[in-house]
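The values are calculated or read from the model by the stated rules, or taken from the named source; none is laboratory data. Note that the coordinates shown come from a computational prediction; the quantities given were computed from them, not determined experimentally. Glycine also receives a Cβ, built like all others from the backbone with ideal geometry; neighbour counts cover every protein chain displayed. Side chains are part of the model used for accessible areas, which takes the heavy atoms of the whole protein and leaves out ligands, DNA and RNA. Shrake-Rupley method; radii C 1.70, N 1.55, O 1.52, S 1.80 Å.
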Amino acid sequence: MLEDKNVSKTSLAEIGEFGLINQIKEGFPIKLESSIKGIGDDAAVLDYKKEKIVVSTDMLVEGVNFSWSYMPLRHLGYKAVVTAISDILAMNAIPKQLLISMAISNRFTIEAVDEIYNGMKYACDKYNIDIVGGDTTSSVSGLVLSMTAIGSAPEKDLTYRNGAKENDLVVLSGDLGASFLGLQVLEREAQVSKVNPNNQPDFENYSYLIERQLKPEARLDIINLLKELKVKPTSMIDISDGLSSEIIHISKESGVGINIYEEKIPLDSIVIRTAEEFKINPITCALSGGEDYELLFTIDQKDFEKIKGNPHLTVIGHVTGKNEENYLITRGSEQMVPLTAQGWGIETEDEEVVLD
């Protein structure tokens, strides 16, 4: 996965760290007016004028967050950008700049590094983001990518996790569970290939799931949609650790209880079929799967008519009283099952910082 043996290869030692930095700089010219100075100096210079600055950080670690047995280099670069900017969107802000740091071993070639940055460039062009700096260093174990995302929003638009209030509606973008199942498919085929290296996996029936795992999308479209609809969420978070964990985060920070309904949680048909294939409850994939990068938010009931019938948004529950517990209301029997955090990845909770 690291390199194509039919392509010419250039070792990192041939151009050195400064040569690598210059090569990266050439691929990321400044696009935004707020990016005054980018790669090539001791620090980036940004100008946000009257808006608040929002900053978040994330990491992707080889062997923990991804495996070369299934992760293409370009997809890793793309996913690194999406992972970072999703946290900015969850603040109801617009991502503008990224700083990317990389710890990399000498088993990588320049061409392999180029592929990673080509994926980043594709994502940055799509989401209109500038890469304005970062760092490179050696690694004796595996590849580590550290991403710092910077965005902005007028103070009146910023949305935190602690704003949910009693009787608010709980709304979800997109559908859940596909990324988790995409990982299960990829890991299954990787194990088969270890036993039979000549095996050619057939992913045709799983393309949606695999794309959601390897090339997720950040929901900038939802932030723009909410602005068009003139709906400001009362609280918001992105779904990186599974629906249960994110519900609990909003509940804890807002000091309220939340009920969600099993029958309302949106699942793609391929999620349901593949979950059955793996003998997993598809609702479990949604509750505990993670890496969907959808947006979960609460809105005042008076805004329901504005989002009603929108194909991108689903009301999945409501906020209950202060300091109450969080429950999943099951289909049919309407049994109340307490929600617990059971995310499938070992991840550190990101911190978002708002600066004047």
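From most to least packed by mean Cβ count within 10 Å, the peptides 166-173, 325-332, 244-251, 82-89 give 82-89, 244-251, 166-173, 325-332.
Remark: the Asn224-Trp68 segment gains 52.7 nm on full extension, using 0.36 nm per residue and subtracting the alpha carbon distance. If you line up the long axis of helix 12-27 against the longest principal axis of the chain, both from Cα atoms, how many degrees apart are they, to the nearest 10? Once rounded, one gets 50 degrees.
Distance from the Cα centre of region 48-70 to that of region 144-198, in angstrom? Taking the Cα centre of region 144-198 as reference, the centre of region 48-70 is 12 Å away. Amide H to amide H distances under 5 Å link Tyr160 with Met236, where only residues 5 or more positions off or on other chains count and H is placed in the peptide plane.
Within region 163-206, name every residue whose backbone N is under 18 Å away from a label modeled 7 Å from Cα of Asn281 along the Cβ vector. Within reach of a label on Asn281: 176-178, 180-181.
Under 5 Å between amide hydrogens, built in the peptide plane, is the criterion, and for Ile258 it picks out Thr320, Asn326, Tyr327 among residues at least 5 positions away or on other chains.
Go through 190-196, 297-303 and give me the packing order, highest mean Cβ count within 10 Å leading.
297-303, 190-196
In the context of the full set of protein chains, residues of the chain present 48 Å² of accessible surface per residue (probe radius 1.4 Å, heavy atoms only). Between Lys37 and Gln301, the simple spin-label model (points 7 angstrom out along Cα→Cβ) gives 5.5 nm.
Phi angles across region 269-275 convert, under the Karplus curve 6.51 cos²θ - 1.76 cosθ + 1.60 with θ = phi - 60°, into 3J(HN,Hα) values of 4, 5, 5, 5, 5, 6, 4 Hz, Gly and Pro given as x.
Using only the Cα atoms of the chain, build the gyration tensor, take square roots of its eigenvalues as a ≥ b ≥ c, and label the shape rounded, prolate or oblate: rounded if a/c is under 1.5, else prolate if a/b is larger than b/c, else oblate. Oblate shape, in that a/c is at least 1.5 and b/c is the bigger or equal ratio. Dividing the summed helix terms, -39500 (n - 2.57) for each DSSP H run of n ≥ 4, by the number of residues in the chain produces a 222 nm estimate of -10500 deg cm²/dmol to the nearest 500. The distance separating the Cα centre of region 261-280 from that of region 233-254 comes to 21 Å.
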